[in-house]
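Have a look at the structure below before the remarks.
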Amino acid sequence: MSTVKLTVNGKAVAVDVEDRTLLVQLLRDHLNLTGTHVGCDTSQCGACVVHMDGRAVKSCTMLAGQADGANVTTIEGIAKGDELHPMQAAFRDNHGLQCGYCTPGMIMSAIDIVQRHGGQLDEATVRTELEGNICRCTGYHNIVKAVLDAAGRMKVSQAAE
C-alpha cells in the first residue's frame, strides 16, 4: 500500500491504494468520480482520458502512483458550477454524442487539442488528433463540428477572462 497525494478537480486528496492501482481506478473506485470511463484497458479507446498537469493522459494505463503530486482534472471538474465548459456546450449544441460512453474522454481530449493548437484547427487536424478516441455510435462528423465550434468559444472565453 502507498499513499498517493494529488489534487483532483481543485481539491487536495490523499488516498491509500495498492501499488498496482491504476489512476482510473483511484478516480472511479476511491474518489467516486465515475465520469472517467474504462472502455478497453489497453489505452486504445480514449474513454479514460483525464488531464494531468494540463495535458491529456489515458488513465487506464497509468499507475495511480505516477500521479502522486500531480494536478488531475476529470470531466466532473471542467464546468464552472452550472455553466458548462465551452467544449461541453459545443458537444451538446452540435449533437456530438449519442450513447455518451466515449463523451467524457472525447471532451477531455478535445480540450487538450484546442489548447495545443489554439486557433490553428481545421477538420483534418481534429480528425487526426482524435484518432486515439473511439466512438462506436457516430461517424465523428458532429464530434468534429463540436470541437471546431468549441475552439472558437474557448478563444472568446479566454479573452473574457
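The values are calculated or read from the model by the stated rules, or taken from the named source; none is laboratory data. Everything numeric in this text was worked out from a predicted model, so none of it was measured. Cβ coordinates were reconstructed from backbone atoms using ideal geometry, including for glycine residues, and neighbour counts include every protein chain displayed. Keep in mind that these areas ignore ligands, DNA and RNA; they rest on the heavy atoms of the full protein, side chains included. Shrake-Rupley method; radii C 1.70, N 1.55, O 1.52, S 1.80 Å.
Kindly establish whether residue 25 is over 19 Å from residue 7 (Cα atoms) and either open to solvent by 50 Å² or more (accessible area, probe 1.4 Å) or modelled with pLDDT of 95 or more (or both). Steps first, answer last, please.
Details: over 19 Å from residue 7 (Cα atoms): no; either open to solvent by 50 Å² or more (accessible area, probe 1.4 Å) or modelled with pLDDT of 95 or more (or both): yes.
When the stated conditions are applied, residue 25 does not pass them.
For the stretch 126-141, what are the residues that are assigned to a helix (DSSP H, G or I), in contact (Cβ under 8 Å) with a residue 12 or more places away in the chain and either surrounded by fewer than 19 Cβ atoms within 10 Å (Cβ to Cβ) or small (Gly, Ala, Ser) (or both)? Don't jump to the end; show me each part of the working.
Going residue by residue through the stretch 126-141, those that are assigned to a helix (DSSP H, G or I) are 126-132, 141.
Going one step further and asking which of them are in contact (Cβ under 8 Å) with a residue 12 or more places away in the chain, we end up with 126-127, 129-130, 132.
Once the filter is applied, which keeps residues that are assigned to a helix (DSSP H, G or I), in contact (Cβ under 8 Å) with a residue 12 or more places away in the chain and either surrounded by fewer than 19 Cβ atoms within 10 Å (Cβ to Cβ) or small (Gly, Ala, Ser) (or both), the stretch 126-141 yields 127, 132.
Starting from the stretch 91-114, keep only residues that are at pLDDT 95 or above, then list their pairs with residues that are open to solvent by 10 Å² or more (accessible area, probe 1.4 Å) and among the charged types (D, E, K, R) whose Cβ atoms are within a distance under 8 Å, requiring at least 6 positions of separation or different chains.
Taking only residues 6 or more apart or on different chains, the pairs are 93/149; 94/145; 94/149; 109/129; 112/55; 113/129.
Take the residues in the stretch 41-57 that are open to solvent by 40 Å² or more (accessible area, probe 1.4 Å) and within 20 Å of residue 99 (Cβ to Cβ), then tell me which one is modelled with the highest pLDDT.
Only one residue fits best here, namely 44.
Condition check: within 26 Å of residue 13 (Cα to Cα), under 17 Å from the mean Cα position of the chain (by Cα) and crowded, with 16+ Cβ neighbours inside 10 Å. Does residue 86 satisfy that? Break it down into steps so the answer makes sense when it comes.
Details: within 26 Å of residue 13 (Cα to Cα): no; under 17 Å from the mean Cα position of the chain (by Cα): yes; crowded, with 16+ Cβ neighbours inside 10 Å: yes.
For residue 86, the condition - within 26 Å of residue 13 (Cα to Cα), under 17 Å from the mean Cα position of the chain (by Cα) and crowded, with 16+ Cβ neighbours inside 10 Å - is not met.
Are any residues in the stretch 96-125 open to solvent by 50 Å² or more (accessible area, probe 1.4 Å) and outside any loop (DSSP other than H, G, I, E, B), and if so, which ones?
115, 116, 117, 123, 124
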